[in-house]
Amino acid sequence: MAAEILLTVNGEPRRIAAGSSIADLVAQIGLDPKKVAVEHNAEIAPRSTLADVTLSEGDVLEIVHFVGGG
Amino acid sequence: MTDFPADTWTVAGRTFTSRLIVGTGKYKDFAQNAAAVEASGAEIVTVAVRRVNVSDPKAPMLTDFIDPKKITYLPNTAGCFTAEDAIRTLRLAREAGGWDLVKLEVLGEARTLYPDMRETLKATEILANEGFLPMVYCVDDPIAAKQLEEAGAVAVMPLGAPIGSGLGIQNKVTVRLIVEGAKVPVLVDAGVGTASEAAVAMELGCDGVLMNTAIAEAKEPVRMARAMKLAVEAGRHAYLAGRMGQRRYADPSSPLAGLI
């Protein structure tokens, strides 16, 4: 019966169980939190706090990592 | 073989031996990229910050091939056209990697990828105030370079020619003027196409050279990476040695006295 909320993650809609943290989202996607950085509603979400921040309906997240570039 | 004193350079308190910084874009694959970095002897690589592909989270990552504990990652703001976007990108980069040393570039237009100096200067000030150590891509203008330095740039990085053009250093006079006026390291960033052009940058007195396409788009990138390493070293030695004066006419190398 767990209710779901709708997020925007890297520009795409994504559902997750209500009450989930950012750390839960990163784990759900299958990412190593040590290799990514997260922006939550246009604010940096420090890695040490990812488990403490509970996501809300409509939250916008950007999850980035390093890629090749000049 | 004669040994010369160790020749290092220092940016924001960090000392490096290699004066060549290489990019990590445009390579065939990560393995070739890693081999080129090794052949180049570079101790710093530039990297971009991009969205993770959430539908393929297990795709290979750059960090699996080039170890950020051994090679300094210099996150860039390539593709950013406003100070705001560049700052946002670097805040994420700092969180992703924990590095304050960053490469700032704020572009003015897609066709030339020429830097927008008004936005670049604004971003430099804000980043420096937030504790970043920005190495800044800029126009080959000695006044702009000074202004960046005053705003907190830890290195100024004038273009030799447009990014990815391989046209070589177009304005040796202004690059030399920037070198003469700067208290922070000066690196030519962009425009080098082949080894002799990297040597030119070093002969002008630059502290280093940053390049990507010249290596990545060579027929044999790994060999070109080695060529660039040697060219940067050769140019640096030539600069330190001090070149001969130029004459308008010939001057014989063999003595005239004792000629039969």
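Give the residue that is farthest from B:D3 (Cα to Cα), with candidates limited to residues of the stretch B:219-260 that are of a type in the set (D, E) and surrounded by 10 or more Cβ atoms within 10 Å (Cβ to Cβ). Give the steps one after another, and end with the answer.
First pass over the stretch B:219-260, keeping only residues of a type in the set (D, E): B:220, B:233, B:251.
From the residues that got through so far, the ones that are surrounded by 10 or more Cβ atoms within 10 Å (Cβ to Cβ) too are B:220, B:233.
Numbers: B:E220: 31, B:E233: 14 Å.
So, considering only residues that are of a type in the set (D, E) and surrounded by 10 or more Cβ atoms within 10 Å (Cβ to Cβ), the one farthest from B:D3 (Cα to Cα) is B:E220.
Which ones in the stretch B:100-116 are surrounded by fewer than 18 Cβ atoms within 10 Å (Cβ to Cβ) and either free of Cβ contacts under 8 Å to residues at least 40 places away in the same chain or closer than 25 Å to B:T10 by Cα (or both)? Matches in the stretch B:100-116: B:D100, B:G108, B:E109, B:A110, B:R111.
Go through the stretch B:17-30 and give me each residue that's surrounded by fewer than 24 Cβ atoms within 10 Å (Cβ to Cβ) and either within 12 Å of chain A (Cβ to nearest Cβ) or free of Cβ contacts under 8 Å to residues at least 24 places away in the same chain (or both).
We begin by selecting, within the stretch B:17-30, every residue surrounded by fewer than 24 Cβ atoms within 10 Å (Cβ to Cβ); these are B:17-18, B:25-30.
Across the stretch B:17-30, the qualifying residues are B:G25, B:K26, B:Y27, B:K28, B:D29, B:F30.
Can you pull out the strands (runs of 3 or more DSSP E) entirely within chain A that have at least 3 residues that are facing chain B (nearest Cβ under 7 Å) and surrounded by 18 or more Cβ atoms within 10 Å (Cβ to Cβ)? Give the derivation first.
Details: elements: A:4-9, A:12-17, A:37-40, A:43-45, A:60-68.
It comes to A:60-68.
Among the residues of the stretch B:100-108, is any facing chain A (nearest Cβ under 10 Å), modelled with pLDDT under 95 and in contact with a Phe, Trp or Tyr (Cβ under 8 Å, 6 or more places away or on another chain)? Before you say what the answer is, go through the steps one by one.
Let us first name the residues in the stretch B:100-108 that are facing chain A (nearest Cβ under 10 Å), namely B:103, B:105.
Keeping just the survivors that are modelled with pLDDT under 95 gives none.
Checked the stretch B:100-108: no residue is facing chain A (nearest Cβ under 10 Å), modelled with pLDDT under 95 and in contact with a Phe, Trp or Tyr (Cβ under 8 Å, 6 or more places away or on another chain).
Taken as a whole, the structure leaves B:K122 outside the set of residues that are of a type outside the set (D, E), closer than 20 Å to B:G191 by Cα and not in a loop (DSSP other than H, G, I, E, B). Here B:T89 fits the description: within 11 Å of chain A (Cβ to nearest Cβ), part of a helix (DSSP H, G or I), buried (at least 18 other Cβ atoms within 10 Å of the Cβ) and touching a Gly at 6+ places or on another chain (Cβ under 9 Å).
Mind listing just one residue for me: the one in the stretch B:31-62 that is facing another protein chain (nearest Cβ under 8 Å) and surrounded by 20 or more Cβ atoms within 10 Å (Cβ to Cβ) and, of those, farthest from B:K229 (Cα to Cα)? Within the stretch B:31-62, the match that is farthest from B:K229 (Cα to Cα) is B:V52.
The values are calculated or read from the model by the stated rules, or taken from the named source; none is laboratory data. Bear in mind that the values here come from a model prediction, so they are computed numbers and not experimental data. When we count neighbours, we look across all protein chains shown, and the Cβ atoms used for this are built from the backbone with ideal geometry, even at glycine.
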